[in-house]
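Written below as structure tokens is the structure these notes are about.
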Amino acid sequence: RIVYVNGEYLPEDEAKVSIFDRGFLMADGVYEVTSVLDGKLIDFEGHAIRLSRSLNELAMRNPISKDDLLEVHRELVRLNEIDEGLIYLQVTRGSDGDRDFAFPDPETTEPTIVLFTQSKPGLADSPAAKKGAKIISIEDIRWGRRDIKTVQLLYPSMGKMMAKKAGCDDAWMVEDGFVTEGTSNNAYIVKGNKIVTRALSNDILHGITRAAVLRFAKEAQMEVEERNFTIDEAKAADEAFTTSASAFVMPVVEIDGVMLGDGTPGRIAPRLREIYLDEMRKAAV
Ligand code: PMP
């Protein structure tokens, strides 16, 4: 694999980052994951805008212009011959060669930027999406700025492991009785023709896929309600699903052992997945 690190394209075993990098020592960094379909980028614009916002919120310099970032994404797709897959991008605060809780001087400290590809044939035509996901609920004990896409992913990783241990696919996190989001996706329930999802705030990541899917749902005359919902309301819903840039729209068929509807993906989620994939392929760059 050819990867990108601080301005250079290199074979993955030649790419290097300092052991003092604050991304490594303190999870002081942000990331984005953009999917690739037919060798083209899905919603690059959305990811580039959110990257700028995350960097801004952490008083970190943006090391690359949007045009150059697009060029790097495209070059990695070309060099690694990615037809379907993902591009991972990470920017960390870098280092001044020492460890300190205080940020190093931004004037003299270059952020570290790394990108690599992951080939995932069958990403769109996914057997998992046809089956639907089984989820468990866990307490949300993350920090209070979940709107910033930091690389601080230990608790979501643990949540994924708790789900696996329970024989399930993923976990939804619950705070004060209300579902916040999935370990790596936004959460939705469906009652009749109405889609319910938590409103945007610092409590959840502002999903790029969420924004597109809600737009398509409204265009398809589906009713959308942005409000909190409890895990009990979710268990009593007709359908549920998640959205993310790497799994698009994923139907949920079981929550904490309770089957939703007849335990198959339902009506709304598969339709939204189809609309999303069709529209986003057309708009891909
Ligand atoms: N919430 C969390 C916690 C996530 O990690 C992700 C994906 N990284 C999402 C939501 C979905 O965001 P997006 O649609 O931009 O991938």
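Every number in this text was worked out from the coordinates using simple rules, so none of it is lab data. Just so we're clear, the structure is a prediction, and the values are computed from it rather than from any experiment. Methodologically, a virtual Cβ is constructed for each residue, glycine included, from the backbone with ideal geometry; neighbour enumeration extends over all protein chains shown.
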If residue 39 meets every condition in (1) within 16 Å of the ligand (Cβ to nearest atom); (2) under 14 Å from residue 118 (Cα atoms); (3) of a type in the set (Gly, Ala, Ser) apart from one, which number is that one? (1)
Give the number of residues within the range 247-268 that are surrounded by fewer than 18 Cβ atoms within 10 Å (Cβ to Cβ) and either of a type in the set (Phe, Trp, Tyr) or not in a strand (DSSP E or B) (or both). 7
The lone exception for residue 180 - which of (1) part of a strand (DSSP E or B); (2) of a type in the set (Ser, Thr, Tyr); (3) within 19 Å of residue 128 (Cα to Cα) it fails: (3)
Counting only residues in the range 18-36 that are in contact with a helix residue (DSSP H, G or I) (Cβ under 7 Å, 6 or more places away or on another chain) and either in a helix (DSSP H, G or I) or of a type in the set (A, V, I, L, M, F, W, C) (or both), the one farthest from the ligand (Cβ to nearest atom) is identified as 36
Can you find a residue that is more than 14 Å from residue 138 (Cα to Cα), within 13 Å of the ligand (Cβ to nearest atom) and surrounded by 16 or more Cβ atoms within 10 Å (Cβ to Cβ) anywhere in the range 186-196? yes
If you go through the range 127-143 one residue at a time, do you hit one that is closer than 19 Å to residue 31 by Cα and of a type outside the set (Ser, Thr, Tyr)? yes
Flagged in the range 271-285 as charged (D, E, K, R) and either surrounded by 18 or more Cβ atoms within 10 Å (Cβ to Cβ) or in contact with a strand residue (DSSP E or B) (Cβ under 8 Å, 6 or more places away or on another chain) (or both), in numbering order, are 273, 281
Of (1) over 21 Å from the mean Cα position of the chain (by Cα); (2) part of a helix (DSSP H, G or I), residue 47 satisfies every one except (1)
So, first residue under 20 Å from residue 34 (Cβ atoms) in the range 193-213, second residue more than 10 Å from the ligand (Cβ to nearest atom) and in a helix (DSSP H, G or I), Cβ within less than 8 Å, six or more apart or across chains; the pairs are 209/276; 212/276; 212/279; 212/280; 213/272; 213/276
